[in-house]
Structure formats: structure tokens, C-alpha cells
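Contents: one structure, followed by commentary.
The values are calculated or read from the model by the stated rules, or taken from the named source; none is laboratory data. Computed from a predicted structure; not experimentally measured. Glycine gets a Cβ as well: all are built from the backbone with ideal geometry, and neighbour counts include every protein chain shown. With ligands, DNA and RNA removed, areas are computed over all heavy atoms of the protein, side chains included. Shrake-Rupley method; radii C 1.70, N 1.55, O 1.52, S 1.80 Å.
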Amino acid sequence: MYVPNTQFDTTGYLSRFASKGRIRLEGALLDEDALAVHHGLEQQTPWELHLVGGNGPEVINRRELATLPESDIQNRLTEAAERAQTGLSWLRLGYDLMGTQEGHALQPLADMIKSPAFARFCESLTGLSGLDLIALSAVCYRPGDFLTRHTDTAARLCFEWSFTQDWRSDWGGQMLFHSPSGDIEGGIMPRLNDLALFAGDQPRSVASVAPYAGGPRFSVTGRFA
């Protein structure tokens, strides 16, 4: 099991979270552990296709994808894009880590995040208390993938731990935070080993990844009640 870097200015982060509802920590894991997580995401994760189709959220595993006609898959992608024009929609790869199998490449990170010590670590930086992890996933955004503007009022705290290497800002894929009027109040570019903590009720989106992006956008995301 990994151990998070706890050498952060707690007072400064508490103040920033209180005023903005979000903070970002650079280098939240040891460098070698972060590289191991990146490798696990890139090479050893059995990704599923996650999207919002005509009947709502769908998860399609590799076996199902191999048997679906190409026209069926394309129709679902089109439906996800059409729903994005008017409301909540997403298109990306995902893998649930709440019940990660023993020996999986991401098991050390998942075990750390699911531990009481990690919840206390997040509490020390945000001023929240009694956090309870309710969701944990690996996520991959490829060119054309997106997540439209949304909030998560069922979650007191959300996080995204970025494990993306050598990203350029013009490739898209930023976590964007929106004002009530629709302006962009801030954004976080995909990087390697950056941990963003933010209140669940913050309006946010993930910008569509450009078709010319040089690789996938990898992260591990979670929610606390």
C-alpha cells in the first residue's frame, strides 16, 4: 500500500478550501509510486466504455464491446454527444476500484485511498470531518471524450488524482470549474501526480479532449459522503 505525501502547508490549504471550495496538491505520491500508477493505468487496466446513451448511463465491458455491431456502438456514441448538447452526458473509459481484485496493478493505490488514514488526510486539508468514501474509479479520456457540466450534491468532497504525462494545455481535458453565470472560474490541467480536492456542489466539467491529443488522459477519481 502506498503512503501519501503529508508534507503540505495544512493552514494554507484549509484557508483556500474555505474560500474557494477546491485545492490542488502537487506531488501527492512519491515519484516512483506515481509512475507505477501511470503504468498500471496505461498497460494493465481492463477498461470499460462508460457513456450516457438513450436510456441513461451505460457501462459496456470488453466482452460486450467485442460482440456489438459497429453500427450499434456508433449509435450510442452519437446519443452521448446529442445528450451533451442539452444536459449531463459523458463519454470515457472507466474501471471501478471499490472492489479491486487482489494483485491488480492499482491495488496499492486503491487500498491507500480506501484506508481511514487517507480520509483523515483529506479532512486535515479541507476542514471537513467524518468523510466516508462512497465511490472510487480509474478514468481514461481519449480524443473526443468529455464530461459535461454537473454538480454532485450527494458528495461532500470529491477528488481527482491525475496520472497523465507530458500533457499540453491545447489538448483540452482540463477539469473546469464554472460560476453560476457560466463563466470559467478556474481549471486544472492534466499532470502526473496532482491531487485535486473539491466540494461536491461545485459546478464542473471535463473539457473534451482534442482529436490531435498525443495520448490518453488518465486519473483516479473518488467521492466522499
Please find, within segment 177-193, the residue that is nearest to Leu157 (Cα to Cα) out of those that are open to solvent by 40 Å² or more (accessible area, probe 1.4 Å) and under 14 Å from the mean Cα position of the chain (by Cα).
Gly187
Which numbered condition trips up Ile134, out of (1) part of a loop (DSSP other than H, G, I, E, B); (2) open to solvent by 50 Å² or more (accessible area, probe 1.4 Å); (3) under 14 Å from Arg223 (Cβ atoms); (4) at pLDDT 95 or above?
(1)
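For Leu91, indicate whether it is more than 27 Å from Pro4 (Cβ to Cβ), surrounded by fewer than 17 Cβ atoms within 10 Å (Cβ to Cβ) and touching a strand residue (DSSP E or B) at 6+ places or on another chain (Cβ under 7 Å).
Details: more than 27 Å from Pro4 (Cβ to Cβ): yes; surrounded by fewer than 17 Cβ atoms within 10 Å (Cβ to Cβ): no; touching a strand residue (DSSP E or B) at 6+ places or on another chain (Cβ under 7 Å): yes.
Spelling it out, it is not the case that Leu91 is more than 27 Å from Pro4 (Cβ to Cβ), surrounded by fewer than 17 Cβ atoms within 10 Å (Cβ to Cβ) and touching a strand residue (DSSP E or B) at 6+ places or on another chain (Cβ under 7 Å).
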Scanning segment 94-106 for residues that are of a type outside the set (A, V, I, L, M) and open to solvent by 50 Å² or more (accessible area, probe 1.4 Å) gives Asp96, Gly99, Gln101, Glu102, Gly103
Number of the exception - Glu42 against (1) closer than 28 Å to Thr151 by Cβ; (2) under 18 Å from the mean Cα position of the chain (by Cα); (3) at pLDDT 95 or above; (4) not basic (Lys, Arg):
(1)
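What are the residues in segment 203-225 that are crowded, with 17+ Cβ neighbours inside 10 Å and in a loop (DSSP other than H, G, I, E, B), if any? Even if it seems obvious, please write down each step before you answer.
Step one: of segment 203-225, the residues crowded, with 17+ Cβ neighbours inside 10 Å are 204-209, 213, 216-224.
Result: Ala207, Ser208, Val209, Ala213, Pro216.
Evaluate segment 194-201: report whether one residue or more is part of a loop (DSSP other than H, G, I, E, B), open to solvent by less than 10 Å² (accessible area, probe 1.4 Å) and not basic (Lys, Arg).
Here is the first cut: in segment 194-201, the residues part of a loop (DSSP other than H, G, I, E, B) are 200-201.
Within this subset, residues satisfying the condition of being open to solvent by less than 10 Å² (accessible area, probe 1.4 Å) are 200.
Filter once more, keeping what is not basic (Lys, Arg): 200.
Checked against the condition, which is being part of a loop (DSSP other than H, G, I, E, B), open to solvent by less than 10 Å² (accessible area, probe 1.4 Å) and not basic (Lys, Arg), segment 194-201 yields at least one hit.
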Can you run down the residue pairs with Cβ atoms below 8 Å, 6 or more apart or on separate chains, where the first is in segment 22-45 and under 26 Å from Glu102 (Cβ atoms) and the partner is open to solvent by 70 Å² or more (accessible area, probe 1.4 Å)?
Leu30/Val3; His38/Gln165
Residue under evaluation Ala81, criteria (1) aliphatic (A, V, I, L, M); (2) at pLDDT below 95; (3) under 16 Å from the mean Cα position of the chain (by Cα), criterion not met:
(3)
Matching residues in segment 47-69 - criterion: being more than 28 Å from Leu109 (Cβ to Cβ) and modelled with pLDDT of 90 or more
Thr67, Pro69
Would you confirm whether any residue within segment 142-163 is within 19 Å of Arg22 (Cα to Cα), surrounded by fewer than 17 Cβ atoms within 10 Å (Cβ to Cβ) and free of Cβ contacts under 8 Å to residues at least 24 places away in the same chain?
no
